[in-house]
1. Over all distinct alpha-carbon pairs, what is the Kirkwood Rh of region 1-85 in angstrom?
2. Under the definition of Cα pairs under 8 Å and six or more residues apart, what whole-number percent is the relative contact order of the chain?
3. Any chance you could get the radius of gyration and Dmax over the Cα atoms of region 123-203, in Å?
4. Compute the convex hull volume of the Cα atoms of region 108-247, divide it by the residue count, and report the result per residue in Å³ as a whole number.
5. Going by Cα centres, region 16-53 and region 69-140 are how many Å apart?
6. Take peptides 166-175, 6-15 and line them up by average Cβ neighbours within 10 Å, highest first, as a rough protection proxy.
7. Restricted to Cα positions, what overall size does region 182-245 have along the principal axes? Three whole-Å values, descending.
8. What's the Kirkwood radius of region 3-183 in Å, using all Cα pairs?
Amino acid sequence: MKEQYRLITKTEPEKRLLLSFKDRAGRGDNGRITVRHQGGGAKKLYRILDFGEEKMGLPAKVIAIEYDPYRTSFICLLEYEDKEKRYQILPHGLKVGDTIICQDAAEIKTGNRMKLKNVPVGTQVYNIEVEPGKGGKLVRGAGTLARVSSQEGEYAYLVFPSGEIRKIYSECFASIGQVSFPEHKFINLEKAGRSRLLGIRPTVRGSAMNPVDHPHGGGRDRTGIGLKHPKTPWGKNAFGVKTRKKKWTDKFIIQRRTKKKK
């Protein structure tokens, strides 16, 4: 096992917490490809994770740390006082034998989950709810974290990894800490075969194709795209076009994410 996976203590998952899905290979309900470059890959089973507050007030002990093929972070297997076992996202720094709890107000300790109104300003949080009682939706990728910048009325103001500042209802829950495996961004796949095992098919430049296959196709050697603006494989403009549709959560965004300088 490679050095970056040294934290894993258990290789066989809990059978009761597994689901099996049919591989869609990037295709929609009508069978057409809607997401390119997907297909193949090693068989994998989905781990059922607890993103919410279903076990309120019950302390849980970390009994194992596992790999999850469906996400970038590690997951931890918890055993509650009633002997029930559940998976959760593993926060950075939590070890086997540690105890965590979910309740309205708890100790400010890595892995504990509580309402945002009870989280001090400057605290790092992850697995954040957008609607009370709907489970964590934000900040769940490897190494990510948000920071509580202020509390104002019924809202808590959070700074996200992208630089976006957003207000979240204070009654929403969040977990204390940072998501595990921050080294994930430094992983080098090293060879094409490993990429294929992850279900990623090869990507070909549109300008290397024939005109019938792509709007950028045609010409000789490294010819430019030959169009006024870049276009998608379906001929739609792709230059400066907004990709985010209007969402009801837009009203909670105080400051948009900052663009990285090239």
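Values quoted throughout were computed directly from the atomic coordinates according to the rules given, and no laboratory measurement underlies them. Quick caveat: nothing in here was measured; it's all calculated off a predicted structure. Positions of Cβ are generated from backbone atoms using ideal geometry, with glycine treated the same way; all protein chains shown enter the neighbour counts.
1. About 15.5 Å, per the Kirkwood formula over Cα pairs.
2. Rounded, it is 15 percent for the chain.
3. Cα only, region 123-203: 16.4, 53 Å (Rg, Dmax).
4. Expressed per residue, the convex hull around the Cα atoms of region 108-247 is 182 Å³.
5. 24
6. Result, highest mean Cβ count within 10 Å first: 166-175, 6-15.
7. The Cα atoms of region 182-245 stretch 40, 34, 18 Å along the principal axes, largest first.
8. Computed over region 3-183, the radius equals 17.4 Å.
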